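Colleague: Dumping the structure here so I can ask a few things about it.
The values are calculated or read from the model by the stated rules, or taken from the named source; none is laboratory data. Please read all numbers here as calculations on a predicted model, not as lab measurements. Don't worry about glycine lacking a Cβ; one is built from the backbone with ideal geometry, like all the others, and counts go over all protein chains shown. Side chains included, ligands, DNA and RNA excluded: accessible areas come from the protein's heavy atoms. Shrake-Rupley method; radii C 1.70, N 1.55, O 1.52, S 1.80 Å.
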Amino acid sequence: MDNIKIKKDNNMTKYNGWTNYETWCLNLWIDNDREWYRAVDDKAVGLVNDALTKKQQIEILRSFIIDLVQDEEPKIKVDFYSDILNASIREVNFWEISTNIIDEARRDQARVLKEERKIA
C-alpha cells in the first residue's frame with residue numbers, strides 16, 4: 001500500500017453521495033469505528049483550532065487518514081487478494097473524506113463560538 005494514489009475531489013458523486021464505493025466505505029468505517037472516529041475527530045478539531053488554511057487542514061488530515069489506514073493494513077501474502085485489496089484502497093478519495101470531516105469540524109467550531117457569544 002506504499003503507492004496510494006492521491007485523488008482530489010473531482011466533483012463526481014457515484015455512490016451514496018461519494019466519489020465511489022471505496023470512498024463511501026472508508027468514510028463509513030471512520031464514522032462507525034470508535035477508535036478511528038475519535039482519532040480522526042480529535043485530529044480535525046485540533047487542525048481547525050490551529051492557524052492553518054482550510055487547504056492545509058485538509059491536506060494534513062488526509063495524510064493522517066492514509067497513515068491510519070496503512071497502520072491497519074493486514075499482513076497477507078502477495079497474491080490476487082492483496083492485489084485487489086490494494087487496488088480498492090487506491091480508489092479511495094482521501095481528499096473528499098478529509099474535506100468532509102474538516103467542513104464538519106469547522107461548522108461545529110462556528111456553532112460553539114456563536115453559542116459562546118450568546119452567553120457572553
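Colleague: Going Cα to Cα from K118, which aspartates and glutamates come in below 17 Å? Please leave out same-chain ones fewer than 8 positions away.
Modeller: D108
Colleague: While we're here: Loop-only trypsin sites (Lys or Arg not before Pro) in segment 42-120, please: DSSP not H, G, I, E or B, and at most 15 other Cβ atoms within 10 Å.
Modeller: Qualifying residues, ordered by number: K75, K77.
Colleague: With θ taken as phi - 60° and the coefficients 6.51, -1.76 and 1.60, list the Karplus ³J(HN,Hα) couplings across segment 32-38 in order, rounded to whole Hz; mark glycine and proline as x.
Modeller: Whole-Hz 3J(HN,Hα) from phi for segment 32-38: 10, 9, 3, 5, 5, 4, 4.
Colleague: Determine the share of the chain's accessible area contributed by carbon and sulfur atoms, expressed in whole percent, with a 1.4 angstrom probe.
Modeller: Its accessible area is 50 percent carbon and sulfur atoms.
Colleague: I'd like to check one number: the per residue accessible area of the chain, probe 1.4 Å, reported in Å² as a whole number.
Modeller: About 68 Å² of surface per residue is accessible.
Colleague: Return one number: the angle in degrees, 0 to 90 and rounded to the nearest 10, between the long axis of the Cα atoms of helix 80-90 and the longest principal axis of the Cα atoms of the chain.
Modeller: 30
Colleague: Could you check which residue among I65, I101, I84 shows the biggest mean-square fluctuation in a GNM of the chain with a 10 Å Cα cutoff?
Modeller: Of I65, I101, I84, the Gaussian network model singles out I84 as fluctuating most.
Colleague: Angle check, please: helix 94-119 long axis (alpha carbons) against the longest principal axis of the chain (alpha carbons), in degrees 0 to 90, nearest 10.
Modeller: 20
Colleague: Candidates (1) 1.04; (2) 1.18; (3) 1.14; which is the computed Cα Rg over 2.2 N^0.38 Å?
Modeller: Of the labelled values, this structure produces (2).
Colleague: Mind telling me which of E72, E35, E59 comes out most flexible in a GNM of the chain, alpha-carbon contacts under 10 Å?
Modeller: E72
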